[in-house]
Amino acid sequence: MKKILLLSILAVSALFAQVKEPIEVPYISYEIKMGEGFGAVQANCLTCHSFGYITNQGKQSRAFWKGKVVKMVDHFKAPITDEDSEIVTNYLSEHYGNGK
Amino acid sequence: MERRDFFKKSLAAAGAVSLAGSLEAATTGQPIDGRKVSKISFPEKRALITYSDRPPLLESPRSTFSSVLTPNDEFFVRWHMPEIPTYIDTEAFRINVSGLVNKDLSVSLKDLKADYEQVTVTAVLQCGGNSRSAFTPTAGGIQWGSGAMGNATWKGVRLRDILERAGLKKDAEWIGFNGMDNAAYYETPSFIRELHLDELDDHVIVAYEMNGEDLPYLNGYPVRLVIPGTYSDSWVKMLSKIVVTNEYQKLFFMDVAYRIPDNECECETPEKKFPKTKPITKMNVKSFIGYPTNETVVHNNSHIVVRGVAFDDGTGITGVKISTDAGKTWQDAILDNGELGRYSYRGFRHTFKPNQQGKVTIMSKAINRAGEEQPFAADVPWNHGGYKFNGIDAVTVDVI
């Protein structure tokens, strides 16, 4: 009888979350290189994703970074001005570029 | 000096032209291994390798893969959107089914658990970009090691049963799935996936349980789609909306991302992308060693039990072979009994006794029922998205 009772309690509790209050996703500060154009990167990129998302793409060509910025504007509808797009692309290929 | 440089350059250029326009050889090798786990752990997770916090991107370390079932708190995490609901009201939560159905449904968690046949499937969940760091030149995307995968027993309800309850209209053809994660901007397209009705079999389930527990939030609590045998890009998390249509909707995550060259070798060169692409869909044959790792130090003449996992798209693993002489000779590892089904990892083990001091490399190669086997890492063809790497795994241990 005890066992049955215990089982039914378990069955009921399965309907509730293990976590009953909001979870909190920790904030991690990713290292990023400082330099010309960093302000535009901070203002435009950080709204949607961490710096880790940038630095963990590996060293990439200017064309790659330009393509990423275009993707953010065209596909993800990020409101980045043409001027800032250029600044961000320059910054990324300068600090996370592969020389191409 | 300048002139000589110029001469060298033009020679190089001339040489490149003769190599069918390839300026930089595309190569593959072993993915990056041994990255350290973060000091900070995420909700319901142990500390894992952490590429990003927004959206969360977490990878399991190699040691995770000595177990056949991946513990929930070690299971990798990959989201596309930065805004993940951090609280779910389990009473209010509904999966809404609409579109070309006879009756719109609004399915609560209670309904899901009480009104439908409950089924389980053990299946591997692997990111299409798992092991991407194997590709040179660097392929676009997060430079994952090989820990963007896991294996769990999923419990839930057949998608087909839910669709049957709603009743598909005659012209129904595509099923769109959307989760509750959101972008920072309202205009950003949702991470919607579409599956053709033909792609849906009885193994596709809407799962609310993972290894006997609620899904962790970061793995899609309270319910996610489980599509055994296919890469994880269609396993929509926090699934809240199912829409049936008769026409394919143009979607970024279907039409641009997660695609590979649509040719026999699924390959291309960095300079010349293959124009036609196809979705990554079915997983290829792969194995991965959980123990030992590249940091392992063992004594000479001691017995090492090599342990790892092997899987494919459900065709069925028939063997795993181990080599300790750079692939010249291979020995059969012992496979587990396969009782978790064809979509699960098959665990393997192999006893190895080093008889010489120094470095020794242990390789694993899986083979499936169709006769497909893993190529050497260097023979995996390059693609610009860095998808579907399945090279023979290798760990190098120090014998002292």
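Worth pointing out:
- Per residue of peptide A:54-60, the mean number of Cβ atoms on other chains within 10 Å of the residue Cβ is 6.
- Gyration tensor (alpha-carbon) shape descriptor, the protein assembly as shown, a/c threshold 1.5: oblate
- Calculated accessible area for chain B comes out at 44 Å² per residue, all protein chains present (probe 1.4 Å; ligands, DNA, RNA ignored).
- Kirkwood Rh in Å, taken over region B:248-400 so that all alpha-carbon pairs contribute: 17.1
- Too-long pairs where the Cα-Cα distance tops 19 Å, listed order kept, from A:LYS71/B:LYS250; A:LYS59/B:LYS278; A:LYS20/B:LYS36: A:LYS59/B:LYS278; A:LYS20/B:LYS36
- Peptide-level mean, for B:49-62, of C-beta atoms on other protein chains within 10 Å: 4
- Peptide B:130-137 is shielded by partner chain Cβ atoms: per residue, an average of 2 of them sit within 10 Å of its Cβ.
- Comparing region A:40-89 with the 2.2 N^0.38 Å rule of thumb, its C-alpha radius of gyration ratio is 1.04 (two decimals).
- By the beta carbon rule, with partners counted only under 4.7 Å, chain B holds these lone Cys residues: B:CYS127.
- Whether region B:134-285 is rounded, prolate or oblate, judged on the alpha carbon gyration tensor where a/c under 1.5 counts as rounded: prolate
- Cα-based reach from B:LYS282 at 16 Å (exclusive), listing lysines while leaving out same-chain residues under 8 positions away: B:LYS388
- Distance from the C-alpha centroid of region A:49-76 to that of region B:244-307: 21 Å, rounded to the whole angstrom.
- For region B:286-399, size of Cβ-based charge dipole, Lys and Arg +1, Asp and Glu -1, in debye: 120
- Order by protection proxy (mean Cβ within 10 Å, highest first), peptides B:388-395, B:219-226: B:219-226, B:388-395
- Only one residue of B:LEU340, B:PRO381, B:VAL298 has its Cα farthest out toward the positive end of the dipole of region B:286-399, where Lys and Arg carry +1 and Asp and Glu -1 on Cβ, and that residue is B:VAL298.
- Computed extension length for B:GLU295-B:TYR87: 70.9 nm, one decimal, from 0.36 nm per residue of separation with the Cα-Cα distance subtracted.
- Taking a ≥ b ≥ c as the square roots of the eigenvalues of the Cα gyration tensor, chain B is oblate, since a/c reaches 1.5 or more and a/b is not larger than b/c.
- In terms of the mean number of neighbouring beta-carbon atoms within 10 Å, the peptides B:125-135, B:206-216 order highest first as B:125-135, B:206-216.
- Ligands, DNA and RNA aside, B:ILE334 has an accessible area near 90 Å² when probed at 1.4 Å.
- The distance from the alpha carbon centre of region B:371-397 to that of region B:323-361 is 17 Å, rounded to a whole number.
- Under the criterion of Cα pairs below 8 Å and six or more residues apart, the relative contact order for chain B equals 18 percent.
- Within the protein assembly as shown, percent of DSSP bridges classed antiparallel, to nearest 5: 90
- Share, in percent, of DSSP beta bridges within chain B that are antiparallel, nearest 5: 95
- What you get for chain B, charging only the Cβ of Lys and Arg (+1) and of Asp and Glu (-1), is a dipole of about 940 debye around the Cα centre.
The values are calculated or read from the model by the stated rules, or taken from the named source; none is laboratory data. What you are looking at is a predicted structure, and each value in this text was computed from that prediction instead of being measured. Glycine gets a Cβ as well: all are built from the backbone with ideal geometry, and neighbour counts include every protein chain shown. Just the protein is used for accessible areas: all its heavy atoms, side chains included, with ligands, DNA and RNA removed. Shrake-Rupley method; radii C 1.70, N 1.55, O 1.52, S 1.80 Å.
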